[in-house]
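Peer 1: Below you will find the structure I want to go over with you.
None of the figures in this text is laboratory data; all of them are computed from the coordinates on show. Keep in mind the model is a prediction, meaning the values are calculated, not measured. Methodologically, a virtual Cβ is constructed for each residue, glycine included, from the backbone with ideal geometry; neighbour enumeration extends over all protein chains shown.
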Amino acid sequence: MLNNTILWVYSGLFIGALGFAWYVCKRKTEAIRRQFDVEGREERLKANETRSGLELALKDREAELEREMLSRRKELDSEARDLAHLEERIEKDRLVVSQKEKDLDDREADLEAAAHEAEKVRRLYKLKLYHISQMDEEAARRQVLHGAEQDCREEIQDRRRELLGRSDAEMMEEAKRILLASMQRITAKPMNDATATVVALPSEEMKGRIIGREGRNIRTFEHSTGTTLMIDEAPDSVLVSSFDPVRREIARLALEALVRDGRIHPANIEAAVTQAEEDMSASIYEHGESALRELRLSKVHPEVVGVLGKLHYRLSNSQNTLAHSVEVGHLCGLIAAEIGLDTELAKRAGLFHDIGKSLNEEHGGSHAIAGSNLIKQHGEDARVVNAVAAHHQEVPAESAFAGLVMVADSLSAARPGARASSMDGFIERVRSIEEIALEQKGVIDAYAIQAGREVRVIVEPDKIDEENARSLARNIRTRIENELSYPGSIEITVIREQRFQETAV
């Protein structure tokens, strides 16, 4: 009985376990089925969404393609219209060309007919001329040309004289206006004293100290400075003589320092000369810088500035060369402004035109060539270099700046009081002007007047007509310009006069 009970219990438990397991499996199966259903619905939704997106993209693409097709169709229509218009224009041009070709053919035919008719007329007149004059064609042509030349010669000469006179007058008037406008803006400077340097002494006793025992002080001074001291030329003063103005200025500074100090002996003399040379170098550079500041120029090499400053101590016919160069620079700048050239280049060319006068014998060539080589080595503009080299016409001028420097140089030198000249040189120049005039054919006499600034030439009226008189004046002018050196300008006046006199009794 107990065993049966236990058997029934175990059987019940087994059946309950099987039922519970069935129940659990059923629940899991239902859960899995529900999950599959959810996933299926999601997949269907995603598929629907994807299909909807693709359908929208397809519709957008179709719309875009439709728009592109419409745009292309419009472009093709526009090109077709343009092509049609072009074809119409080509057809019109073809018709015009055809009409012009037809007109040209008609004109050629007319020209051929006219040429044929002209040939017939020419032959007819040639035959008539031969019957009338019994002359051949060449002789008749010469006769006609000779008659026309005789009829027109006087009229041609009058016209030529009128045109030449008017052109020369207009150019001279414009040149005078520009030069006067430039010269009036330049402040004239007085002429410098060209005499030797004089150093004042406090007393006559100082001369003995300068000479020293057995003359050793004066020998040391002259040897150190390269100058000559003239002790007995004037009371209470010493004359410093030297052809080199820079050396003469160094000697003056050193001698004045020695006189102020009062201790004059060889060692002190050498120290004073050394100090004077240093002061002189600084003064030379300052003079060069001052000239550049006055003209408002920059970018000049220091070596060029030093050489430029030396011009302050050099004179040309008693005219300070640096002051002359600055004046030429101002004139070049003013004239360049009047005629539309670069004013800075013009000023540089005018300032540097005489810089070669400060260079020693190591720099070969004339002062114009030496100066141009110096500024060329230090990077100056090629036009300025050529203007400096060509201002005495030693090399051909390559720009208008060369002629500008020549004009300004002549203006500065010709200014009244700018330069001094000797009587012998003046007489020689006047005599040379008269000789050049007298050497011309047909000249009776010539007189240089107004201090050599005008020459009046008297010619034989029977041999020299009016046209030849004009040519004679030009020839004299050319020879004076090429053969003589003179300040300012010289006016040539040719006098051709006939006088007839009778006396009734």
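Peer 1: Would you calculate the convex hull of the Cα atoms in region 1-76 and tell me its volume per residue in Å³? Before the final figure, lay out the partial values.
Peer 2: Values: hull volume 2.7 nm³, N = 76.
Here the figure is 36 Å³ per residue.
Peer 1: With θ set to phi - 60° and the Karplus curve 6.51 cos²θ - 1.76 cosθ + 1.60, what are the ³J(HN,Hα) couplings of region 197-204 in order, to the nearest whole Hz, using x for Gly and Pro?
Peer 2: In residue order, the calculated couplings are 7, 10, 10, 6, 10, x, 7, 5 Hz.
Peer 1: Here's something else I'd like to know. As an exercise, use a Förster radius of 30 Å and the Cβ-Cβ distance of Arg34 and Leu56 to find the FRET efficiency, rounded to the nearest 0.05.
Peer 2: Working from the Cβ atoms, E equals 0.35.
Peer 1: Then there's this: Using amide H atoms built in the peptide plane, which far-off residues or other-chain residues are under 5 Å from Gln319 H to H?
Peer 2: Ala420
Peer 1: Between Asp105 and Tyr125, take the C-beta separation as r, use R0 = 22 Å, and let me know the FRET efficiency to the nearest 0.05.
Peer 2: 0.10
Peer 1: I would also like to ask the following. Name the residues of region 491-505 whose amide N is less than 16 Å from a point 7 angstrom out from the Cα of Glu460 along the C-beta direction?
Peer 2: Zone members listed by number: 495-499.
Peer 1: Based on Cβ point charges of +1 for Lys and Arg and -1 for Asp and Glu, what charge dipole magnitude is obtained for region 423-495 about its Cα centre, in debye rounded to the nearest 20? All intermediate terms of the calculation are to be shown ahead of the outcome.
Peer 2: Values: 10 positive and 15 negative charges, 36 e Å.
Result for region 423-495 is approximately 180 debye, rounded to the nearest 20.
Peer 1: Which Cα, out of Ser241, Leu311, Pro396, lies furthest along the positive dipole direction of region 197-414 (beta carbon charges, K/R +1, D/E -1)?
Peer 2: Among Ser241, Leu311, Pro396, the one farthest towards the positive end of the dipole of region 197-414 is Ser241.
Peer 1: Same structure again: Under 5 Å between amide hydrogens, which residues at least 5 positions from Ile444 or on another chain qualify, with H placed 1.01 Å from N in the peptide plane?
Peer 2: Correct list: Ile458, Val459, Glu460.
Peer 1: Label-point separation (nm) for Leu484 and Glu502, each offset 7 Å from Cα along Cα-to-Cβ?
Peer 2: Placing both labels 7 Å along Cα→Cβ, they lie 4.2 nm apart.
Peer 1: Tell me the label-point distance for the pair Glu138, Asn475, using the 7 Å Cα-to-Cβ offset, in nm and rounded to one decimal.
Peer 2: Label at Glu138, label at Asn475, 3.4 nm between them.
Peer 1: Further question: If you place +1 on the Cβ of every Lys and Arg and -1 on the Cβ of every Asp and Glu, how big does the dipole about the Cα centre of region 197-414 come out, in debye to the nearest 20?
Peer 2: 160 debye
Peer 1: Also, I was wondering about something else. Using 1/(1 + (r/R0)^6) with R0 = 41 angstrom and r between the beta carbons of His392 and Asn268, what's the FRET efficiency to the nearest 0.05? Display every interim value, and only then the final one.
Peer 2: Working: r = 46 Å, r/R0 = 1.12.
For His392 and Asn268, the calculated efficiency is 0.35.
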